Amino acid sequence: MQRTMTALLVLLAGMLVVGCCNPGPVTSLPVTLHPQETGMWCWAASGQMVMHYLGNDVAQCTQANNRFGRTDCCTIDLCPPPTEPVPAWPNPCKCVCGGWPEFDKYGFTFSRTSSAPLGWDDLKKQLSNNPYCKGRPFAFTWKWPGGGGHMMVAKGYMELASGRYVVMLDPWSPCVGDERIITYEYYVDSPGHHTHWDDFYDVTRR
């Protein structure tokens, strides 16, 4: 009996080790940069980047139509510039509006933080494409001190002697976009510049 129990414990321990995500020190997923196509569509561009990587490239104007209950958002001036201007306050927006990506409308499930970043270990497990890790990009948002915010996509990370870094795709500026590397601490917040808003992660096709 004791030998049987010992064998079972060894087997269980082996299964746990085999099934664990062990992220490496560096990861960069081949996510396509999609610049935002209006001055307010960072959310739609970020949604497009994540969904495109996962196999469903949903146009930004399609996301805007579905979010705002319209049918004309693909007929406005998009890229190349000049793009449809952001309505001047107090005029209401129609298509060129801020929002959040709606992954569930396009066959995906997802998880969402509430004004909080992913912890470093969770971020690595989310992005690493090592066995048993998730290997998926995720969308993250910064909130500006004066109101509003900006959404971007994390596609990789680096854990080096010099520090912890996040590889990100920024859909700004319209029709251009940018890829850059920031510190993990800057991803979390930067006093006077931004605080952390919501992250959309664990995006998975149904």
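Any read-out appearing in this document is the output of simple, stated calculations on the displayed coordinates, not a laboratory observation. Note that the structure is a prediction, hence the values are computed from the model and not measured. Cβ coordinates were reconstructed from backbone atoms using ideal geometry, including for glycine residues, and neighbour counts include every protein chain displayed.
Annotations for the structure displayed:
- Förster radius 22 Å - calculated FRET efficiency between LEU33 and LYS143, Cβ distance, rounded to 0.05: 0.45
- Think of it this way: in the chain, CYS20, CYS42 stand alone, with no other Cys Cβ under 4.7 Å.
- Inverting the pair-averaged 1/r between distinct Cα atoms of segment 87-134 gives 14.3 Å as its Kirkwood hydrodynamic radius.
- Zero-based 5 Å bins, Cα pair distances in the chain, whole percents: 1, 7, 14, 18, 18, 14, 10, 6, 4, 3, 2, 1, 1, 1, 0, 0
- For the chain, the relative contact order works out to 28 percent when only alpha carbon pairs closer than 8 Å and six or more residues apart are counted.
- Rounded FRET efficiency, nearest 0.05, which uses the C-beta distance separating ALA116 from PHE68 and R0 of 25 Å: 0.40
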